[in-house]
Amino acid sequence: MIKNVPFRFQKGWSGPEPLQFPLLEVPDGIGLSRLVSPRIGNSHNIDAPTYPEDGSAYNEMVSEVIEVRTTVFRDKWPSDFLAKHHPRPGFDPERIPGPLQYIADLREDELDAKAAAESVVGDHALDVPLGCMKWLLNNGLRKKIKRYDSKGHDEFLGSDIHVTENLSDMLKRTMEKIFAAKYYFGAARIEEFLDVPGGIFTSSFMGCPCHPTYPAGHAGAAGSASALDDEFYLDTYLRREIFDSVYHRSMYRTFGAFHYAEDNLAGMKLAGMMEPKWLN
């Protein structure tokens, strides 16, 4: 399975020479390619991904995605996969956290791996952050907003509008970091490495997007819910519900064979979701 030369992302690129990473400048011919949001590379201090030349470690990572995708095809819930990569002891991989039930209409009593995989195809980048905010507000936590006016009137602008603005700002900053890191590391999509049509292997007929796999943008977008800690007085229970919703939603990209687990965890890290306060 291991190739003899370093193998890097090229999907969507149609230039005369292969892309070289990290990108130090936007290459000629970029306007005629299908690349998504190319950026000058910047690692933003995250660890390098596992590459094909890393041998058995990469083979194990590829095998894991194939196993998860096969499990989904068989209408089984990949519990072992979800439990393996979660940082908190005692995590229940078959419990759908409250915010995610609210966002994706997933139910604990009818775990549907195919529906979970399909739920991240074509979703909006703010779905998880906004869904978590709405879940907090609809569970009577309006007065736990840090900017709430103690005089007693309904501070609609503070609780609904300003919080939304800060979620969007967190999303913007996170995604700029993620795309710079993508074009720094240039890690290839699994469909490229396996040389299989993405429309057959993934949960989207279009296959994987035309930007590098590491770190995962969906995970960073979901992880932008970390800004809610600056807006609400969150206790351990609420942080766990938000974190687990972000984690599930991120790992569903592996359910759909779009990302390796390490892609998802790196995206969450760049969004600030791997800080100790979120891991208790």
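Working from label points 7 Å from Cα in the Cα-to-Cβ sense, the R88 to E17 distance is 4.9 nm.
Can you list the trypsin sites (Lys or Arg not before Pro) in region 35-86 that are in a DSSP coil and have 15 or fewer other beta carbons within 10 angstrom? Mind showing how you got there, number by number?
Working: sites: R39, R69, R74, K76, K84; in loops: R39, R74, K76.
Passing sites in region 35-86 are R74, K76.
One entry in (i) 1.09; (ii) 0.99; (iii) 0.94 is Rg/Rh (Cα atoms, Kirkwood Rh) calculated from the shown coordinates; its label is (ii). Apply 1/(1 + (r/R0)^6) to the Cβ-Cβ distance of L194 and Y233, taking R0 = 45 Å, and write down the FRET efficiency to the nearest 0.05. Between L194 and Y233 the formula returns 0.45. Summarising the amide proton neighbourhood of F232: residues at separation of 5 or more, or on other chains, whose placed amide H is nearer than 5 Å comprise K146.
Using the average count of surrounding beta-carbon atoms within 10 Å as a protection proxy, the listed peptides 59-66, 87-94 rank, highest first, as 59-66, 87-94. Pairs of Lys residues in region 51-279, spaced 8 or more positions apart or belonging to different chains, with C-alpha separations under 18 angstrom: 14 in total.
Since every read-out is calculated from the coordinates, none of them should be taken as a lab result. This one's a predicted model, so the numbers in the text were calculated from it and none came from an experiment. When we count neighbours, we look across all protein chains shown, and the Cβ atoms used for this are built from the backbone with ideal geometry, even at glycine.
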